[in-house]
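What follows is a short report on a single structure.
The values are calculated or read from the model by the stated rules, or taken from the named source; none is laboratory data. Everything numeric here is computed off the predicted structure, so don't read it as measured data. Glycine also receives a Cβ, built like all others from the backbone with ideal geometry; neighbour counts cover every protein chain displayed.
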Amino acid sequence: MLMGNHTIQINENGHLFFAGMDTVMLAEKYGTPAYIYDVSIIRNNCRAFINAFKKQQVAFQVAYASKAFSTIAMMQVAKQEGMSIDVVSEAELYTALQANFPVERIHMHGNNKSESELEMAIENHIGCIVIDNFHEITLLECLLEKHDCQMDVLIRVTPGIESKTHAYIMTGNEDSKFGFSLKNGQAERALLQLQHHERIKLKGLHCHIGSQIFEADRFILAAEVLYGYLQSWYEKHGFIAEVLNLGGGFGIRYTSDDHPIPIPVYVEEIVKALKQYWQEAAFPFPEIWIEPGRSIVGEAGITLYTVGAMKDIPDIRKYVAVDGGMADNIRPALYGAEYECIVANNADQNDREVVSIAGKCCESGDMLMKDISLPTLKPGDVLAVLSTGAYGYSMASHYNRFANPPVVFIENGVDQLVVRRETYQDVVRNDLIYRSINRDD
Ligand SMILES: *Cc1c(COP(=O)(O)O)cnc(C)c1O
């Protein structure tokens with residue numbers, strides 16, 4: 001089988017089964033494109049992180065980075081599994097509130113939080129704000145004064161670690177729009193500004209070194225850098241971090257070239273290293289927070305498409321177009337992300353040809369997969385692209401005014417629509433008729 005995913009199977013008539021259900025039947029029932037999730041994989045990933053921390057017997061929070069896939073249904077599952085969550089906007093916070101997510105386990109991120117975003121966080125008494133810059137400190141001070149209340153915060157710092165990943169998703173290095181630099185002293189200045197603040201309660205530090213990271217040692221390296229600063233800030237300023245948040249970015253398997261280590265191994269290696277650093281510390285071991293996004297939902301989702309036009313350009317390339325593309329999955333166009341797929345109605349066929357899967361948006365760059373080997377395709381075939389559960393739906397656009405596909409959850413052999421397919425009327429629902437002067441057409 002192409003993927004190691006245990007919920008992918010092929011039945012006797014060559015149909016791809018996902019989460020125990022016939023994907024060809026799902027394509028007929030919900031239409032294509034459609035995002036399909038195996039909820040058991042989501043739950044297993046949440047539990048893998050949480051149980052690994054429990055085993056290490058440390059205080060922790062596992063905050064799902066909801067930007068990876070934010071819907072009310074997903075927030076319900078995260079809540080049921082005892083996760084915390086990260087939000088980055090009013091609408092992500094609203095989504096969590098709509099799911100009755102416990103507010104004390106909601107953390108807010110963002111490099112340019114607006115006054116109304118911060119105010120919404122304050123009014124709803126969320127658990128923590130991760131402060132990104134000096135402007136935000138001033139804003140937050142004003143708003144907390146206005147509302148006469150306090151807020152727990154972490155300060156986001158850049159440890160100067162370059163994770164081996166694509167530059168666009170590399171965020172822990174010095175030259176970043178996110179966070180306070182440790183090296184140039186800005187993080188320390190922020191610390192001194194907040195250390196004995198009457199309203200802003202500084203709980204600790206946050207860093208996020210990047211995404212799709214395959215080794216624990218990148219996180220350990222970041223933790224080592226932070227530990228060094230915590231040591232010096234303890235000696236110089238008596239500062240004790242109650243929380244150390246090491247961010248997200250745990251790698252997943254998009255293609256057979258990706259070899260992530262298992263979730264429990266990340267956690268075990270990171271916590272063990274932290275315990276070692278703290279062995280000689282004069283200050284107590286902090287609560288450890290992490291923020292997995294794609295590693296919770298990425299492999300839990302697939303996207304179903306229907307094959308349409310095909311174009312064979314001799315000696316160049318064979319294009320096979322599907323009924324979706326960069327509007328429902330922008331990652332290949334945005335940063336060259338790679339995926340694998342299975343012909344859902346013909347999954348066991350052995351004759352192979354090399355084709356490129358094109359989207360239907362008006363951009364030459366709208367290619368979902370380039371030069372991949374697949375069974376011979378024909379119009380009407382159903383294509384299942386694997387590991388699309390993270391940053392697919394959440395990054396979907398209305399480019400070419402395509403309506404966003406539906407989201408279907410499957411659990412215990414039952415499929416349930418959790419986001420309905422948009423209609424073209426939905427797409428224009430906020431458009432207003434322009435009444436220009438002196439014209440009545
Ligand atoms: C994006 C992001 C995450 C999640 O990243 P993944 O690669 O999806 O795990 C976690 N924390 C912060 C601050 C982020 O920006």
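I need the full set of residues from segment 242-271 which are of a type in the set (Ser, Thr, Tyr) and within 17 Å of residue 64 (Cβ to Cβ), in order please. The one that is of a type in the set (Ser, Thr, Tyr) and within 17 Å of residue 64 (Cβ to Cβ): 266. Restricting attention to segment 357-389, the residues being among the aliphatic types (A, V, I, L, M) and either part of a loop (DSSP other than H, G, I, E, B) or without any contact (Cβ under 8 Å) to a residue 12 or more places away in the chain (or both) number 2.
A Cβ distance below 6 Å, combined with a sequence gap of six or more or placement on separate chains, defines the contacts here; from segment 390-404, residues that are among the aliphatic types (A, V, I, L, M) reach residues that are part of a helix (DSSP H, G or I) in the pairs 390/68; 390/294; 390/297; 390/298; 403/424; 403/427. Cβ separations smaller than 7 Å between residues 6+ apart or across chains give the following pairs from segment 115-134 residues that are at negative phi to residues that are among the β-branched types (Val, Ile, Thr) and assigned to a helix (DSSP H, G or I): 124/103; 126/103; 127/103; 131/137.
Do we have residue 427 as free of Cβ contacts under 8 Å to residues at least 40 places away in the same chain and out of contact with any Asp or Glu (no Cβ under 6 Å at 6 or more places or on another chain) here? Considered against the rule, which asks whether it is free of Cβ contacts under 8 Å to residues at least 40 places away in the same chain and out of contact with any Asp or Glu (no Cβ under 6 Å at 6 or more places or on another chain), residue 427 comes out as yes. When residue 353 is tested against (1) touching a Pro at 6+ places or on another chain (Cβ under 9 Å); (2) farther than 30 Å from residue 267 by Cα; (3) in contact (Cβ under 8 Å) with a residue 40 or more places away in the chain, just one condition goes unmet, and that condition is (3). Scanning segment 159-173 for residues that are modelled with pLDDT under 75, within 21 Å of residue 112 (Cα to Cα) and in a loop (DSSP other than H, G, I, E, B) yields 170, 171, 172, 173. When the residues of segment 67-89 are narrowed to those that are part of a helix (DSSP H, G or I) and of a type in the set (Val, Ile, Thr), which ends up nearest to the ligand (Cβ to nearest atom)? Going through the qualifying residues, I end up with 77.
Within segment 278-295, track down each residue that is of a type outside the set (S, T, N, Q) and more than 16 Å from the ligand (Cβ to nearest atom). Within segment 278-295, 278, 280, 281, 282, 283, 284, 285, 286, 287 qualify. Answer yes or no: is there a residue in segment 311-321 that is in contact with a Phe, Trp or Tyr (Cβ under 9 Å, 6 or more places away or on another chain), within 16 Å of the ligand (Cβ to nearest atom) and modelled with pLDDT of 95 or more. Checking segment 311-321: not a single residue is in contact with a Phe, Trp or Tyr (Cβ under 9 Å, 6 or more places away or on another chain), within 16 Å of the ligand (Cβ to nearest atom) and modelled with pLDDT of 95 or more.
Being closer than 30 Å to residue 206 by Cα, aromatic (Phe, Trp, Tyr), surrounded by 15 or more Cβ atoms within 10 Å (Cβ to Cβ) and in contact (Cβ under 8 Å) with a residue 40 or more places away in the chain, is that true of even one residue in segment 286-303? Yes: segment 286-303 contains one or more residues that are closer than 30 Å to residue 206 by Cα, aromatic (Phe, Trp, Tyr), surrounded by 15 or more Cβ atoms within 10 Å (Cβ to Cβ) and in contact (Cβ under 8 Å) with a residue 40 or more places away in the chain.
Screening segment 228-243 for residues that are in a helix (DSSP H, G or I) and either surrounded by 20 or more Cβ atoms within 10 Å (Cβ to Cβ) or of a type in the set (A, V, I, L, M, F, W, C) (or both) and picking the one that is farthest from the ligand (Cβ to nearest atom) gives 233.
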